[in-house]
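> Before I ask anything, here is the structure I am working with.
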Amino acid sequence: MARFKHYDYNQMSMVVINYLEQIQPGTFEFALHYLISEKLDLSAFHQPYKNDAEGRPAYDPAILLKIILFAYSKGITSSREIQWCCETNIIFKALSCDTVPHFTTIAHFVSSRGLAIEALFEQVLLICDQQGLLGHELFAIDGCKMRSNASKEWSGTFKELEQKRQKLKRLIQHHLSEHQEKDTHESEEALERDIRKAKTIQTLDAAANKIGDFLKRSQPRMGKGKRSKEVKSNITDPESAKMTTSKGTIQGYNGVAAVDKKHQIVIDAQAFGEGQEHHTLQPVLESIKARYQRLGINDNVYASGIIATADTGFANEANMEYLHQNQINGYIPDNQFRSRDPKFTHQKDKYGKRHQTPGNPKVKHLIPASEFQFDPVTMTCRCPAGEQISHRGIRTNEHGQLTAYFEGRLLQCRHCSKKASCMKNPASADHRKGAGRQVSFALNDQRTPTYTDWMKHRVDSPKGKQIYSHRMSVVEPVFGNIGTNKKLNRFSLRGKSKVQGQWQLYCLVHNVEKLAKYGQLSS
């Protein structure tokens, strides 16, 4: 039988090494080390330090940047784990020159250097342009929703938070009353039970006070839609928002990135504490224009004809008007653009409906609005059951048409025999805060052209279809690399400015990786 030399991977050994030799050319860590040591100006990171004449020497920001960005490239965001890697991993030791920053130093550096990180992001972007990695032909914008260091259980409107506070007070009163009834301890077990009750009361009281303090020092958070209404605030992180994703509802931020087509370089990265993407388009476009001017890349990037694309989540009339007025060569389709494309006519027949779950009941078919008797002269409407429903006014819809809106009265719909086939959610008529069946009627077929019509014409043209087809292949792989390959799928900070700094560090990792693969950093 063959014999082999004994080996043990778990053994300890003292080896004499040169740290610089561990950073091999052609690797991500080599590109990172070369960039930070030779190419980037880190003076913005030096400004907060005030230990020139006295005080303890600080860790060099270059060292901290190297280990943090390298850790992010490996999917490590915990500052404690980064400290542990500096103690045990040879590449971390090489990048840090065998220094071991405390985890609090690492965490504070990431959370307190937002402006310096922004300057660093721009320097790396300028190097990407100098290396020829920016095409200046087309860029795509999209958002990546990630949870932050905040609990969604502490979210709600001011009314909901006040109701939660009153509920906590009632629970405290209940436990106090129960405790007073059993003020004599009959056994050791009863004493332990009373101690647990006291801890419960203390926890509930702290939670109620936390909500009360927030309601006193804060104002309701209003949405940015056409009908401005209060949106849910979060006590732990007021700038974050509740967002619906494919994996459920999260409390976090929407990391929006603009990506250049040629080599998928991220040219802008911002974090927004709102789930809707409509309001993020203009800030991103303005940020790109200002950044290109500061870096001397282009005084007016949109005048050169660069194409901006985004998905249907960014489409609304205000954004279309902004693109038209500022002469931005944008292609942003509405959510019905595929239904107008003959190529997708039989898509559902062939592949079925998206997100269809086997075994689900068929879609409910409601009584259409055409079966309601609408009189445009008297502005009245009768439902299929013969009841006259309430007129809710005349407004211009999203297509620019004057439209009359009607709604059934609660008592009418609540006891109607046709409620099940008329209302999508019949139970909504069973309580006083609900609503009856709602229908609308366009008053005429003539309407003024809108900016959305202008964009529809652009996107539906053969040239528009060809241009928009590049969007997904430009921006989605970036999110796949950051979220799946690098496993950077959550923000570990609170507050918009801190989260935006971390999001830019995530995108920096992606850009440095592109420089390592396609750039000539050693020249």
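The values are calculated or read from the model by the stated rules, or taken from the named source; none is laboratory data. Computed from a predicted structure; not experimentally measured. Don't worry about glycine lacking a Cβ; one is built from the backbone with ideal geometry, like all the others, and counts go over all protein chains shown. Just so you know, the surface numbers come from the protein's heavy atoms only, side chains and all, with ligands and any DNA or RNA stripped out. Shrake-Rupley method; radii C 1.70, N 1.55, O 1.52, S 1.80 Å.
> May I ask you to say which residue of Tyr292, Tyr253, Tyr302 is in a loop (DSSP other than H, G, I, E, B) and either at pLDDT 90 or above or over 30 Å from Cys128 (Cβ atoms) (or both)?
When all the criteria are applied, what remains is Tyr302.
> Residues that are free of Cβ contacts under 8 Å to residues at least 12 places away in the same chain and open to solvent by 10 Å² or more (accessible area, probe 1.4 Å), at least 2 per element: which helices (runs of 4 or more DSSP H) completely within segment 40-152 meet that?
79-88
> Another question, then. Mind listing just one residue for me: the one in segment 289-328 that is among the small types (Gly, Ala, Ser), surrounded by 13 or more Cβ atoms within 10 Å (Cβ to Cβ) and in contact with a strand residue (DSSP E or B) (Cβ under 6 Å, 6 or more places away or on another chain) and, of those, nearest to Gly143 (Cα to Cα)?
Within segment 289-328, the match that is nearest to Gly143 (Cα to Cα) is Ala310.
> Is it the case that some residue within segment 486-499 is free of Cβ contacts under 8 Å to residues at least 60 places away in the same chain and in a helix (DSSP H, G or I)?
Checked segment 486-499: no residue is free of Cβ contacts under 8 Å to residues at least 60 places away in the same chain and in a helix (DSSP H, G or I).
> Identify the residue in segment 246-263 that is open to solvent by less than 40 Å² (accessible area, probe 1.4 Å) and over 9 Å from the mean Cα position of the chain (by Cα) and, among all such residues, is nearest to Gly483 (Cα to Cα).
Ala257
> Search segment 153-166 for residues being of a type in the set (D, E, K, R) and surrounded by 12 or more Cβ atoms within 10 Å (Cβ to Cβ), and hand back the single one that is modelled with the lowest pLDDT.
For segment 153-166, the residue satisfying everything is Glu160.
> Another question about this same structure. Against the condition out of contact with any Leu (no Cβ under 8 Å at 6 or more places or on another chain) and of a type outside the set (Phe, Trp, Tyr), how does Asp268 come out, does it pass?
For Asp268, the condition - out of contact with any Leu (no Cβ under 8 Å at 6 or more places or on another chain) and of a type outside the set (Phe, Trp, Tyr) - is met.
> Scan segment 329-347 and give yes if some residue there is farther than 22 Å from Ala140 by Cα, open to solvent by less than 40 Å² (accessible area, probe 1.4 Å) and either more than 27 Å from the chain's Cα centre (by Cα) or at pLDDT below 90 (or both), otherwise no.
no
> Name the pairs whose Cβ atoms lie under 8 Å apart, with the first residue in segment 154-174 and touching a residue at least 60 places away in the same chain (Cβ under 8 Å), the second crowded, with 16+ Cβ neighbours inside 10 Å and among the β-branched types (Val, Ile, Thr), and 6 or more positions between them or separate chains?
Trp154/Ile235; Trp154/Thr236; Ser155/Ile235; Thr157/Val231; Leu161/Ile211; Leu161/Ile235
> Against the conditions (1) over 21 Å from Glu118 (Cβ atoms); (2) open to solvent by 10 Å² or more (accessible area, probe 1.4 Å), where does Ser233 fall short? Just the number, please.
(2)
> Pull out all pairs, ordered by first then second residue, where Cβ-Cβ is under 8 Å, the residues are six or more apart or on different chains, the first lies in segment 322-344 and is farther than 14 Å from Arg458 by Cα, and the second is open to solvent by 100 Å² or more (accessible area, probe 1.4 Å).
Phe344/Arg338
> State all residues of segment 382-401 that are under 38 Å from the mean Cα position of the chain (by Cα), loosely packed, with under 14 Cβ neighbours inside 10 Å and not acidic (Asp, Glu); if no residue qualifies, say none. Spell out how you get there, then give the answer.
Filtering segment 382-401 for residues under 38 Å from the mean Cα position of the chain (by Cα) gives 392-401.
When the remaining residues are screened for being loosely packed, with under 14 Cβ neighbours inside 10 Å, the result is 392-399.
Scanning segment 382-401 gives Arg392, Gly393, Ile394, Arg395, Thr396, Asn397, His399.
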